[in-house]
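Take a look at the structure set out below.
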Amino acid sequence: MKKALFILMTLLVGFSVTAQKKEVKAAEKALKAGDLKTALAKIDEACKLKDNADAKTKARIYYTKAKIYTELAKNDPSYYEKAVNMYEKLIAFEKENGLKKYTPQARQELMAISQQLVQLADKAHRQKDYVTAAKYYDLYVRINPDDDGKYILAIIQSFAGEDLLKKGKEKEAREMFEKAYANYRELYDKNYTGVRTRYLLTNKETGEEIELSNEQQWKILQKDPKFINPRKEKTENKRPELIANMLYVLSKMGRDEEAYQLIQKAKAEQPNNVDLLIAEANYYQKKGDTKKFAEAMAKAVELDPQPDYAYNAAIGYLNLKDYEKARKYFNKTIQIDPNYKNAYFGLALVELAGEEELIKELDANLYNDRKYRELKAKQHEMYRRAIPYLEKYYQLDPNDKEAVRMLKLMYLELEMMDKANEMKKKLKELKAKEGAK
């Protein structure tokens, strides 16, 4: 009985293998004829029976299925991922079983697919569909595991995460940021800089700059009289940018302490990196440490005189009631950009610092005529110092209702009636515009 059962099982296995080979041949025939629907159905039938196949037949099944997915992807790019997965599975399977028949073709197919993926990723990126661009470029990097490619992928994933966040898809956004950070972190730990050597020549006739792909080719073409000015150039170090991108992604994920630790470590490498100072300042701002925020921004503006840096330093010192430093950095802002309107408003606030206490003193001395007049004189002097800054602000932004209101009150207090009436009229116009909306 056992012998009979063994014979029956052997016959069934033999039948299965025969049926399987038949399905594979049918799939290959349909693929060649362009009947992809039939080809996919037949190869799926063969896959159901693959456990009884020998290694060579299994490899053939994997390769045929990968080819079918590749053809389907030409009309539906979503199949590229399945094609890549299947080619990778085939290559791993042949390596494990000591086979080499399909691996060379599979690698060629993957290279061809990678070019299609780059084009699809580029198209999606230009259309600002960063999620799709990240998907295709991720597949490209799987085929071409290159550090420069991985860095580009991480940048695209960062854009995709930001886009998902704007659409309210917080879970998907966080997952995308996690992927970006994992790629950034791997490159950071490998001390990635992105620096490479460019091999350049100039075409003597056209003046066109020619970049060669390698040093050997560059040396050969130097002997050609058509080319002049052979030179090597190093590309820019991307490590500072890499760290800034890592900090951006960490901030988006709310991992502030991890970001702070990275900043401190990175500052040891790059003590004068302005991006690190700005990131550090943002950390202090989140933690409510206004003093350290202002100090970090002040150092940033000394290294890179940007008006926003100077203005933020000034605001920090203004909140600390360090009015001399606030004045210094508001003036620094204007020195860098004379049309930076908020700096003029900031200077007016510096001049008006202490007015609240002065008004309390005025209220307390209503019946002390001499003291009251002294305090009023102080208030008027305060207004005279603040007005020029507010007037400049008003020139740059004549529709700011708060600035108009402040000017009106000061003009009235100083009995500058023509200007006060001008502000009254302007305030009425602004209120009318608001009501019309």
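The values are calculated or read from the model by the stated rules, or taken from the named source; none is laboratory data. Source: prediction; values computed, not measured. Cβ sites come from the backbone with ideal geometry, for glycine too, and all protein chains shown count toward neighbours.
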**Report entry** Only one of Glu357, Glu413 that is farther than 30 Å from Glu429 by Cβ and more than 40 Å from the chain's Cα centre (by Cα)
**Finding:** Glu357
Query raised in the report: Quick one: in segment 209-248, which of the residues that are of a type in the set (Phe, Trp, Tyr) and farther than 21 Å from Val195 by Cβ is modelled with the highest pLDDT?
Result: Tyr248
Query raised in the report: Which of (1) surrounded by 15 or more Cβ atoms within 10 Å (Cβ to Cβ); (2) part of a helix (DSSP H, G or I); (3) aliphatic (A, V, I, L, M) does Leu99 not meet, given it meets every other one?
Result: (2)
Requested in this report: Restricting attention to segment 378-420, report how many residues are under 22 Å from Glu434 (Cβ atoms), of a type in the set (D, E, K, R) and loosely packed, with under 13 Cβ neighbours inside 10 Å.
Outcome: 1
**Report entry** Check on Ile334, closer than 30 Å to Asp256 by Cβ and of a type in the set (Val, Ile, Thr)
**Finding:** no
Report task. Would you please list the contacts, defined by Cβ atoms under 7 Å and residues six or more apart or on different chains, that run from a residue in segment 151-166 that is farther than 24 Å from Val195 by Cβ to a residue that is among the β-branched types (Val, Ile, Thr) and part of a helix (DSSP H, G or I)? Result -> Ala160/Val131; Asp163/Val131; Leu164/Val131
Query raised in the report: Which pairs do you get when a residue that is assigned by TED's automatic domain parsing to the domain that holds Lys376 and touching a residue at least 12 places away in the same chain (Cβ under 8 Å), found in segment 409-424, comes within reach of a residue that is charged (D, E, K, R) and part of a helix (DSSP H, G or I), reach meaning Cβ atoms under 8 angstrom, with the pair 6+ apart or on two chains?
Result: Tyr411/Lys419; Leu414/Arg384; Ala420/Lys408; Met423/Arg405; Met423/Lys408; Lys424/Lys408
Query raised in the report: Can you tell me which of Asn365, Asn342 is surrounded by 13 or more Cβ atoms within 10 Å (Cβ to Cβ) and assigned by TED's automatic domain parsing to the domain that holds Glu415?
Result: Asn365
Query raised in the report: Any idea how many residues of segment 310-337 are under 14 Å from Pro388 (Cβ atoms) and of a type outside the set (D, E, K, R)?
Result: 3
Requested in this report: Exactly one condition in (1) surrounded by 15 or more Cβ atoms within 10 Å (Cβ to Cβ); (2) on the phi > 0 side of the Ramachandran plot is not met by Asn191; state its number.
Outcome: (1)
Query raised in the report: Just one of Lys341, Lys392, Lys376, Lys332 is over 21 Å from Ile315 (Cα atoms) and either within 44 Å of the chain's Cα centre (by Cα) or modelled with pLDDT under 95 (or both); which is it?
Result: Lys376
Query raised in the report: When segment 167-192 is examined, which residues are found to be of a type in the set (Lys, Arg) and without any contact (Cβ under 8 Å) to a residue 12 or more places away in the chain?
Result: Lys167, Lys169, Lys171
